[in-house]
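Student: Input: one structure, supplied below.
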Amino acid sequence: MSIKTSGIRNRNPFRIQLGFWNYVVIIAFILIGFFLIYPLFNIFVNSFWQDGKISLENYQEFFSYKYYYSALLNSFIVSTTATFFACCLGIPVAYAMARFNIPFKGLFHILIILTLLSPPFIGAYSWILMLGNNGFIKNFFADLGLDIPSIYGLHGMIWVFTLQFYPHIYLYVSGALKTIDVSLEEASASLGVSGWKRIRKVTLPLIFPTVSTGALMVFMASFADFGTPMLIGQGEKVLPILAYEQFISEMGSNPAMASTLSMILLTVTTMVLFLQRYVVAKKTYTMSALRPPKIIKLKPAKRVMATLLVMAVVTLSIIPQATVITTSFLKTNGPVFAGGFSLDSYRQVLYKVPQAIQNTFTYASLAIVFMVIAGLLLSYVVVRRPSKLTSLLDALIMIPYVIPGTVLGISLIIAFNKPPIELTGTWIILVVAYCIRKLPYTMRSSTAILHQIDKSVEEASISLGVPPMKTFFKTTAVLMIPGVLSGAILSWVTTINELSSTIVLYYGATATITVSIYSEVFTANFGTAAALASILSLATIISLIIITLLTGKKDINI
Amino acid sequence: MEHIKIHNVSKLFGDTKAIDDINITINQGEFFTLLGPSGCGKTTLLRTLAGFYQQEEGDIFFGDTFINEVPAHKRNIGMVFQNYAIFPHMTVFENIAYGLKARKVKKDEIIVRVNEALEMVELSHLKDRQPSQLSGGQQQRVSLARAIVIHPGLLLMDEPLSNLDAKLRVKMREDIRSLQKRLNITTIYVTHDQEEALAVSDRIAVLNNGKIQQIGRPHEIYLSPVNKFVSNFIGSTNFLEGKVEAGKEGENAMVTVEGVTLATKFGRPFQGKVLYSIRPEQVKIMDDKETSPTLLEGEIVDATFLGESVVYKIIFNSGYTISVHEHSIRFGMLREEGNKVKVDLNPNEAVIFDESGEEVINEHKNIRHS
């Protein structure tokens with residue numbers, strides 16, 4: 001046999017496949033560059049632009065007028081306080097649910113998740129129904145001669161955010177508690193450390209990194225929320241409101257100031273993210289529980305106590321939903337509740353805003369189609385073809401986590417409100433915003449499932465004679481579908497409940513349900529607002545059920 | 001008949017050579033094993049043959065076919081993976097039929113061939129099961145059936161037994177071996193388990209740091225290791241420091257170890273410091289009363305009874321401890337800790353290495369690249 005020396009070097013056996021995946025990466029970079037990086041860069045430049053030249057004037061103005069910087073201060077106060085209280089609620093509830101024999105766990109769990117997925121401003125709105133200036137609880141106490149404080153103001157925001165976002169802490173801590181091997185706690189008990197001291201010395205430090213991640217989520221959500229402060233802030237302004245007002249006000253519309261405020265918002269969220277990563281980096285322990293802790297059977301008295309604690313928190317946080325749904329069935333006469341029950345509100349909704357309902361579901365469905373495809377392909381590229389380029393791609397896709405919706409909305413409008421590409425006022429800009437904001441959810445669950453799929457399954461298929469591209473669609477893609485879909489549905493749920501970027505981007509005919517609720521509340525049509533909110537809740541519940549069926553488990557990571 | 005020819009093949013990862021100038025020729029129907037510690041390059045070589053990696057240098061031939069530019073899915077290779085790589089969304093039958101469908105085999109022929117393969121791996125009764133309902137051993141059998149049903153030109157197995165428990169491992173390796181002989185499929189088998197390699201292989205290539213150390217039949221590798229690495233990696237051995245005064249080719253040379261001088265034959269002229277390697281079962285323990293200048297005095301410091309054999313730790317006057325295996329039935333009673341004994345280092349079976357770890361007794365060039 002003659003030996004020829006091959007002149008071919010570095011030829012890759014996945015040549016054909018690499019071609020396809022290269023296109024995926026290139027298209028992803030183009031889309032991200034165009035719809036995310038360019039708009040953000042645009043507001044960055046804008047914030048330094050005053051009267052046709054570069055200046056720091058906008059930033060100087062921000063820090064010298066109390067009107068501006070007090071909003072930053074307010075944002076900080078509200079977010080940090082709400083984060084603190086959310087930890088106070090979330091950690092004990094998670095611990096009790098994970099370790100004690102509490103009845104109706106499944107129900108409590110679902111209710112907690114439902115709380116998290118419903119839009120915060122619906123919570124705010126229903127607290128107005130209860131504790132507003134004319135709220136029924138407030139009136140009840142007033143009849144007894146007691147004047148309880150109304151929900152309006154900073155404390156109201158803290159109250160709403162705490163009850164709305166403690167599920168983040170709950171979910172993260174529940175997950176972490178499952179990975180603590182029981183032997184660690186047994187070991188500390190055998191060393192004579194037990195009870196509260198053990199929880200403080202062993203359990204809490206072990207779950208600290210996870211708690212901080214949950215806390216980060218709470219902080220980000222509170223800091224970026226638009227609807228709640230808009231409804232119950234009244235005189236007290238926070239940053240997203242200020243940015244929105246600067247941008248939207250007919251008279252003194254000031255895009256430069258809106259950009260500056262957006263940049264400040266972004267800077268804060270980014271800094272908080274890095275701070276959390278920095279703190280956690282030193283304290284991360286990898287654990288995989290060989291023996292997850294057993295559930296402790298409490299004595300009846302203690303069991304009742306623990307159950308009451310969990311029930312109190314869950315009830316308090318689900319009350320807004322219950323209130324809204326009940327309100328939606330109340331008989332109304334215009335904006336006034338007439339006493340008794342009826343379907344009037346739903347009839348009015350169908351008459352007044354059918355377009356909004358249709359819009360919401362159309363836009364969200366368009367976005368979900370895109371996110372399923374993108375989630376499938378991009379997670380594959382990021383996980384299975386690791387390189388500097390794909391890890392950059394991964395980082396870029398995750399940026400929207402730190403972008404408040406208002407900021408994204410403002411940046412998109414500024415970028416696309418003039419020819420050649422004029423998207424302002426179209427439905428396209430809304431779908432683009434939804435895809436950018438919610439893709440991280442789909443990506444997260446897609447990458448998670450991909451890590452569980454054995455790489456060699458594809459190699460087995462290739463060695464059996466199926467070309468690489470076909471192999472991907474016959475093996476890995478099929479196996480990824482449950483993960484991709486459950487992430488996409490989660491994205492879908494948060495999309496239909498989205499307000500903060502929609503409020504900036506919508507334009508009359510492209511109004512969605514959330515925008516309609518918002519305007520109905522502002523015009524004091526509480527009945528129709530409640531009916532719309534109930535439609536959203538129903539859609540959310542149905543989606544949750546579908547996710548549960550798809551993944552076959554109760555755990556949902558958000 | 002020559003079947004697989006690997007010629008000067010090297011594969012780089014970044015700047016490190018994962019495999020370095022590999023030359024192997026494998027015969028039709030041969031069971032050939034790549035053996036070495038983790039990171040030695042054995043899996044890299046296997047994956048290069050499969051087409052999952054492309055070598056930077058060298059050529060590969062399957063028969064007369066130049067394979068370098070043939071993509072993985074056209075190489076007609078059956079591959080069995082360490083973690084089975086069963087398609088979790090297909091039944092046992094569908095898993096095995098997968099490669100046949102890709103080859104556009106007719107439906108009724110697929111059924112016949114899959115059933116045949118299922119019978120070979122003794123899984124006919126499980127053909128409609130989902131993979132999640134199978135044990136690890138059963139999954140590996142499915143994986144094996146899936147690989148052989150396509151009548152591959154070459155069967156590659158990447159540590160197929162390492163995820164199974166010890167007893168099953170022995171049963172599976174016997175089954176794999178007999179199936180391979182029956183079907184006469186050229187097979188390349190990767191393992192880090194030297195006992196497994198000795199048990200199944202026609203020939204073994206021992207790899208370290210991406211380089212082939214020795215190629216040979218199992219007993220050659222065990223009894224005549226060409227260097228210290230092979231000697232240490234295959235089985236266990238005692239290394240004693242020694243010195244050779246003068247060794248002429250073909251003549252007796254004198255090795256001084258632990259103060260005694262032993263006569264042995266050298267394959268090439270040698271002089272200087274050496275490592276004297278003797279396996280625990282090759283050392284003979286003698287009664288304390290024996291007298292001969294070639295015996296070493298020692299004391300038993302530890303005795304471990306293992307059933308068929310006993311492992312003794314014997315300390316010499318120099319303080320060096322040697323490990324010795326003795327068959328249980330050789331003596332009616334166990335030697336006790338504290339017993340004084342004499343030890344025969346058995347120079348006829350010993351292997352001697354120079355300071356760089358190369359063997360100096362035997363003429364081993366033939367063994368090395370046969």
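The values are calculated or read from the model by the stated rules, or taken from the named source; none is laboratory data. Nothing here was measured: the structure is a model prediction, and the numbers come from that model. Positions of Cβ are backbone-derived with ideal geometry, glycine not excepted, and every protein chain shown enters the neighbour counts.
Student: On the basis of being within 20 Å of residue A:239 (Cα to Cα), within 26 Å of the chain's Cα centre (by Cα) and part of a loop (DSSP other than H, G, I, E, B), does residue A:77 make the cut? Lay out the reasoning, then the answer.
Tutor: Values: within 20 Å of residue A:239 (Cα to Cα): yes; within 26 Å of the chain's Cα centre (by Cα): yes; part of a loop (DSSP other than H, G, I, E, B): no.
So residue A:77 does not fit the description; no.
Student: Continuing with this model, one more query. Only one of (1) modelled with pLDDT under 85; (2) assigned to a helix (DSSP H, G or I); (3) under 19 Å from residue A:511 (Cα atoms); (4) of a type outside the set (Lys, Arg) fails for residue A:424. Which number is that?
Tutor: Single failed check for residue A:424: (2).
Here's the yes/no breakdown for (1) among the basic types (Lys, Arg); (2) surrounded by fewer than 19 Cβ atoms within 10 Å (Cβ to Cβ):
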{"residue": "B:146", "(1), (2)": "yes, no"}
{"residue": "B:154", "(1), (2)": "no, no"}
{"residue": "B:162", "(1), (2)": "no, yes"}
{"residue": "B:165", "(1), (2)": "no, yes"}
{"residue": "B:173", "(1), (2)": "yes, no"}
{"residue": "B:178", "(1), (2)": "no, yes"}
{"residue": "B:181", "(1), (2)": "yes, yes"}
{"residue": "B:191", "(1), (2)": "no, no"}
{"residue": "B:199", "(1), (2)": "no, yes"}
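Student: Can you work out which of the residues in segment B:4-53 that are among the hydroxyl-bearing types (Ser, Thr, Tyr) and assigned to a helix (DSSP H, G or I) is nearest to residue B:189 (Cα to Cα)?
Tutor: Only one residue fits best here, namely B:43.
Student: In addition: Quick check on segment B:96-107: of everything there that is more than 8 Å from chain A (Cβ to nearest Cβ) and over 16 Å from residue B:127 (Cβ atoms), which residue is surrounded by the fewest Cβ atoms within 10 Å (Cβ to Cβ)?
Tutor: Within segment B:96-107, the subset more than 8 Å from chain A (Cβ to nearest Cβ) is B:96-97, B:100-101, B:104-107.
The next check asks that each one be over 16 Å from residue B:127 (Cβ atoms); those that pass are B:104-106.
On the way: B:104: 7, B:105: 18, B:106: 9.
Filtering first and then ranking leaves B:104.
Student: List every residue pair whose Cβ atoms sit under 6 Å apart, with the two residues 6 or more apart in sequence or on different chains, where the first one lies in segment B:3-17 and is in the same structural domain as residue B:52 (by TED's automatic domain parsing) and the second, anywhere, is surrounded by fewer than 19 Cβ atoms within 10 Å (Cβ to Cβ) and among the basic types (Lys, Arg).
Tutor: Short answer, once both residue conditions are applied: B:10/B:17.
Student: With respect to the numbered conditions (1) of a type outside the set (Phe, Trp, Tyr); (2) within 8 Å of chain A (Cβ to nearest Cβ); (3) closer than 26 Å to residue B:216 by Cβ; (4) out of contact with any Phe, Trp or Tyr (no Cβ under 7 Å at 6 or more places or on another chain), which one is the sole condition not fulfilled by residue B:42?
Tutor: With (1) of a type outside the set (Phe, Trp, Tyr); (2) within 8 Å of chain A (Cβ to nearest Cβ); (3) closer than 26 Å to residue B:216 by Cβ; (4) out of contact with any Phe, Trp or Tyr (no Cβ under 7 Å at 6 or more places or on another chain) applied to residue B:42, the lone miss is (2).
Student: Taking segment A:354-388 as the search range and keeping residues that are under 29 Å from residue A:537 (Cβ atoms) and among the aromatic types (Phe, Trp, Tyr), which one is surrounded by the fewest Cβ atoms within 10 Å (Cβ to Cβ)? Reasoning before the result, please.
Tutor: Start the filter on segment A:354-388 by keeping residues that are under 29 Å from residue A:537 (Cβ atoms), which leaves A:354-375.
Pick out the ones that are also among the aromatic types (Phe, Trp, Tyr) and you get A:361, A:363, A:370.
Numbers: A:361: 17, A:363: 22, A:370: 19.
Going through the qualifying residues, I end up with A:361.
Student: Let me ask something else. Select, from B:88, B:152, the only residue that is within 12 Å of another protein chain (Cβ to nearest Cβ), in a loop (DSSP other than H, G, I, E, B) and touching a residue at least 60 places away in the same chain (Cβ under 8 Å).
Tutor: Working: B:88 fails: touching a residue at least 60 places away in the same chain (Cβ under 8 Å).
From the options B:88, B:152, the qualifying one is B:152.
Student: Test of understanding: among A:136, A:62, A:76, which residue is aromatic (Phe, Trp, Tyr) and buried (at least 18 other Cβ atoms within 10 Å of the Cβ)?
Tutor: Details: A:136 fails: buried (at least 18 other Cβ atoms within 10 Å of the Cβ); A:76 fails: buried (at least 18 other Cβ atoms within 10 Å of the Cβ).
None of the others qualify; the one that does is A:62.
Student: Show me the strands (runs of 3 or more DSSP E) found entirely inside segment B:251-307 where at least 1 residues are within 24 Å of residue B:233 (Cβ to Cβ) and free of Cβ contacts under 8 Å to residues at least 40 places away in the same chain. Step through it out loud before you land on a result.
Tutor: Values: elements: B:252-257, B:260-265, B:270-278, B:284-286, B:295-305.
The qualifying strands (runs of 3 or more DSSP E) are B:295-305.
Student: Can you work out which of the residues in segment B:56-65 that are within 18 Å of residue B:28 (Cβ to Cβ) and facing chain A (nearest Cβ under 7 Å) is farthest from the chain's Cα centre (by Cα)?
Tutor: Taking segment B:56-65 as the starting set, the residues that turn out to be within 18 Å of residue B:28 (Cβ to Cβ) are B:60-65.
From what's left, facing chain A (nearest Cβ under 7 Å): B:61, B:64.
Working: B:61: 24, B:64: 28 Å.
Ranking the candidates gives B:64 first.
Student: Let me ask you something else. Would you point out the residue of segment B:183-196, among those that are in contact (Cβ under 8 Å) with a residue 12 or more places away in the chain and not in a strand (DSSP E or B), that is nearest to residue B:234 (Cα to Cα)?
Tutor: From segment B:183-196, those in contact (Cβ under 8 Å) with a residue 12 or more places away in the chain are B:183-194, B:196; that's our starting set.
So of that shortlist, the ones also not in a strand (DSSP E or B) come out as B:183-186, B:192-194, B:196.
Working: B:183: 29, B:184: 27, B:185: 26, B:186: 24, B:192: 10, B:193: 9, B:194: 6, B:196: 11 Å.
The extreme case among them is B:194.
Student: Follow-up. Restricting to segment B:68-77, name every residue that is buried (at least 23 other Cβ atoms within 10 Å of the Cβ) and more than 7 Å from chain A (Cβ to nearest Cβ).
Tutor: Answer for segment B:68-77, where residues must be buried (at least 23 other Cβ atoms within 10 Å of the Cβ) and more than 7 Å from chain A (Cβ to nearest Cβ): just B:75.
Student: Kindly indicate whether any position in segment A:243-264 is surrounded by 12 or more Cβ atoms within 10 Å (Cβ to Cβ), modelled with pLDDT under 85 and in a loop (DSSP other than H, G, I, E, B).
Tutor: The answer is yes; a qualifying residue exists.
Student: Related question: Looking only at segment A:170-217, count how many residues are touching a residue at least 12 places away in the same chain (Cβ under 8 Å) and of a type in the set (Asp, Glu).
Tutor: Looking only at that region, the number is 2.
Student: Out of the residues in segment A:515-529 meeting the condition of being of a type outside the set (A, V, I, L, M, F, W, C) and not in a helix (DSSP H, G or I), tell me which one is surrounded by the most Cβ atoms within 10 Å (Cβ to Cβ).
Tutor: Quick first cut of segment A:515-529, residues of a type outside the set (A, V, I, L, M, F, W, C) only: A:516, A:518-520, A:523, A:525, A:527-528.
Now restrict to residues that are not in a helix (DSSP H, G or I): A:523, A:525.
Working: A:523: 11, A:525: 22.
Among them, the one singled out is A:525.
Student: Sort out which residues of segment B:286-318 are of a type in the set (A, V, I, L, M, F, W, C), in contact with a Leu (Cβ under 8 Å, 6 or more places away or on another chain) and surrounded by 12 or more Cβ atoms within 10 Å (Cβ to Cβ), and write them in order of number. It would help to see each step written out before you state the result.
Tutor: Step one: filter segment B:286-318 for residues of a type in the set (A, V, I, L, M, F, W, C), giving B:286, B:295-296, B:300-301, B:303, B:305-306, B:310-311, B:314-316.
Add one more test, that the residue is in contact with a Leu (Cβ under 8 Å, 6 or more places away or on another chain), and what stays is B:286, B:296, B:303, B:305, B:310, B:316.
Correct list: B:286, B:296, B:303, B:310, B:316.
Student: Condition check: part of a loop (DSSP other than H, G, I, E, B) and surrounded by fewer than 21 Cβ atoms within 10 Å (Cβ to Cβ). Does residue A:92 satisfy that? So that I can check it myself, show each step before the final result.
Tutor: Numbers: part of a loop (DSSP other than H, G, I, E, B): no; surrounded by fewer than 21 Cβ atoms within 10 Å (Cβ to Cβ): yes.
No, not satisfied.
Student: Can I ask one more? Collect the residues in segment B:36-60 that are touching a strand residue (DSSP E or B) at 6+ places or on another chain (Cβ under 7 Å) and more than 26 Å from residue B:218 (Cβ to Cβ), keeping them in residue-number order.
Tutor: B:53, B:55, B:56, B:57, B:58, B:59
Student: Continuing with the same structure: Which residue, of B:32, B:93, B:87, B:61, is surrounded by 15 or more Cβ atoms within 10 Å (Cβ to Cβ) and under 27 Å from residue B:195 (Cα atoms)? Show your work before the answer.
Tutor: Details: B:93 fails: under 27 Å from residue B:195 (Cα atoms); B:87 fails: under 27 Å from residue B:195 (Cα atoms); B:61 fails: under 27 Å from residue B:195 (Cα atoms).
After applying the criteria, what remains is B:32.
Student: Output the number of residues of segment B:129-149 satisfying the condition of being within 16 Å of residue B:105 (Cα to Cα) and either of a type in the set (Phe, Trp, Tyr) or away from chain A (no Cβ under 11 Å) (or both). Outline the logic, then answer.
Tutor: Of segment B:129-149, the ones within 16 Å of residue B:105 (Cα to Cα) are B:146-149.
Next, from what is left, pick out any that are either of a type in the set (Phe, Trp, Tyr) or away from chain A (no Cβ under 11 Å) (or both): B:148.
Total meeting the criteria: 1.
Student: Run down A:466, A:457, A:478 and say which single residue is within 14 Å of chain B (Cβ to nearest Cβ), under 30 Å from residue B:149 (Cβ atoms) and not in a helix (DSSP H, G or I). Reasoning before the result, please.
Tutor: On the way: A:457 fails: not in a helix (DSSP H, G or I); A:478 fails: not in a helix (DSSP H, G or I).
Just one listed residue meets the conditions, A:466.
Student: As an exercise: evaluate residue A:84 against (1) surrounded by fewer than 21 Cβ atoms within 10 Å (Cβ to Cβ); (2) in contact (Cβ under 8 Å) with a residue 24 or more places away in the chain; (3) under 21 Å from residue A:160 (Cα atoms); (4) not acidic (Asp, Glu) and give the number of the one condition it does not meet.
Tutor: Of the numbered conditions (1) surrounded by fewer than 21 Cβ atoms within 10 Å (Cβ to Cβ); (2) in contact (Cβ under 8 Å) with a residue 24 or more places away in the chain; (3) under 21 Å from residue A:160 (Cα atoms); (4) not acidic (Asp, Glu), the odd one out for residue A:84 is (2).
Student: Ok, one more. Which residue pairs have Cβ atoms closer than 6 Å, lie 6 or more positions apart in sequence or on different chains, and pair a first residue in segment A:88-116 that is touching a residue at least 12 places away in the same chain (Cβ under 8 Å) with a second residue that is of a type in the set (S, T, N, Q)?
Tutor: A:94/A:174; A:98/A:174; A:102/A:307; A:115/A:317
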